[in-house]
Every structure is written in structure tokens, then in C-alpha cells.
Amino acid sequence: MAEVFLRRLSRWQAEAQREAFADLYVESYRGAQGEEFHSRQSFLQRFAEHVQHPGFDMTIAGDPALVGFAYGFPPDRDGEWWQGFVGGLPQDLEEHTASGQVFAVVELLVLPTHRRLGVAGRLQDMLLSRSDAAVASVLVETPNAPALAAYREWGWSKNGEVRRRQDHMLSVLESWGRRLAD
């Protein structure tokens, strides 16, 4: 297997390559639960919204073909990211959110052929390295045991549970966080 190289993309570069990201997204989630959520069109709609967020940042991995990507942005204080949090936000997370000190990792994926090679961890590290936020946050689908194990291994800890209704289905997500700066 060829060496995998990482690089950052500007918002403009990300928008220009959105079709390639959608293809990779579909390939990465092929056969996963929630097929409707993992559709190409749903990804393209979400990505078009996400890339417009202030503070949007993206890192890609290639060998040289695209094999993975990660992106995120600081979520709005009262935005969708925090909706459906069971029992409310933990106090420390709420304080960081109120002061704009949270960076949300919205998407992190790697092709199945390149998993368990450290690519996802490198993507995550590079994405978070430029953030001046105090805390990183991620929402993980509960049936995604490999992702939950990876975040645990990378030093993230569970903040709570988020329940959302999407496309007439109830989604249960786990909220995980990681301190970035003191």
C-alpha cells in the first residue's frame, strides 16, 4: 500500500471537490445502518451547509487518490449541534460553548481499505492542530462501535447522549469531547 499524505483544503477547494467527497462518503458507508442518512444526496446537502460555517476547516488524505477526509467548524451556541442533548449540556461544555471555545468534528471517514493504518488519527490530529478552541466535540452514531472505540483510544470521553428526529426516524448519537488547550 502506498504512503498516505495529508493536506488541508481551503473552503473554495473543498467546495470544488464536493463530488469526490460525496463518492468517498458513499463508499465508506456502503452497507451501514441508516442508509437513507448515508445517501450521496443527503451528504451533498449537509456538506453545502457545513462548508459555509465560519471557521470551517478540512483535511484530506490521499495515496494519491482520495482515501479519507475530516472536517469541522465551531458550532453556533444555539445551533443544531446541541439540539436534543439528553439532560442538557454538562456544565463545563456549556461554558466552553457560550464562550465560543468548541470545535465540532462533523465528519471523519476513511475508506475501508485504509482503516486501521492510523489514517483517521492523523486526519483528526491535523484537523484539530489549527483550532484555537479549548474543547473538541464529536457526535457518533451509537451502533458505530469501531468509531466509538477509536475516539476512546484517542483520549476522547463521553459527554452524553443526543436524540434527534431525522427523516421520520429517531437517531441516537453519543456526544464525545476532548480538551484541546488549557
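The values are calculated or read from the model by the stated rules, or taken from the named source; none is laboratory data. The structure presented is a predicted model; accordingly, all values stated were derived computationally and were not measured. Heads up: the accessible areas ignore ligands, DNA and RNA and are worked out on the full protein's heavy atoms, side chains in. Shrake-Rupley method; radii C 1.70, N 1.55, O 1.52, S 1.80 Å.
How much solvent-accessible surface does F85 expose, in Å² to the nearest 10, with a 1.4 Å probe and all protein chains in place?
20 Å²
For the chain, what does the relative contact order come out to in percent, with C-alpha contacts under 8 Å and a separation of six or more?
Dividing the mean separation by the residue count of the chain yields 20 percent.
Is the shape of the range 37-182 best called rounded, prolate or oblate, per the rule: a/c under 1.5 gives rounded, else a/b larger than b/c gives prolate, else oblate, with a ≥ b ≥ c the square roots of the Cα gyration tensor eigenvalues? Kindly include the intermediate steps, with their values, before the conclusion.
Working: a/c = 1.41, a/b = 1.21, b/c = 1.16.
The shape class here is rounded.
Order M126, M169, M58, most accessible first, counting only protein heavy atoms with a 1.4 angstrom probe. Intermediate values should be presented prior to the final figure.
Values: M126 55, M169 95, M58 0 Å².
Descending order: M169, M126, M58.
For helix 40-50, what angle does its Cα long axis make with the longest principal axis of the chain, in degrees from 0 to 90 and rounded to 10?
Helix 40-50 and the main axis of the chain meet at about 60 degrees.
Please report the carbon-and-sulfur percent of the accessible area for the chain; probe 1.4 Å, protein heavy atoms only, DNA, RNA and ligands left out. Before the final figure, lay out each step's value.
Values: 4840 of 9760 Å².
Carbon and sulfur: 50 percent of the exposed surface of the chain.
So for the range 1-112, Kirkwood radius off the Cα pairs, Stokes-Einstein at 4 °C and 1.567 mPa s: how many µm² s⁻¹?
Numbers: Rh = 15.4 Å.
The Stokes-Einstein estimate is 84 µm²/s.
Taking amide H positions as placed in the peptide plane 1.01 Å from N, state which residues far from A104 in sequence (5 or more) or on other chains have amide H under 5 Å from it.
F73, S137
Which ³J(HN,Hα) values, rounded to whole Hz and listed in residue order, are derived for the range 90-104 from phi using the Karplus coefficients 6.51, -1.76 and 1.60 in 6.51 cos²θ - 1.76 cosθ + 1.60 with θ = phi - 60°, glycine and proline given as x?
x, 3, 5, 5, 5, 5, 5, 5, 4, 8, x, 9, 10, 10, 8
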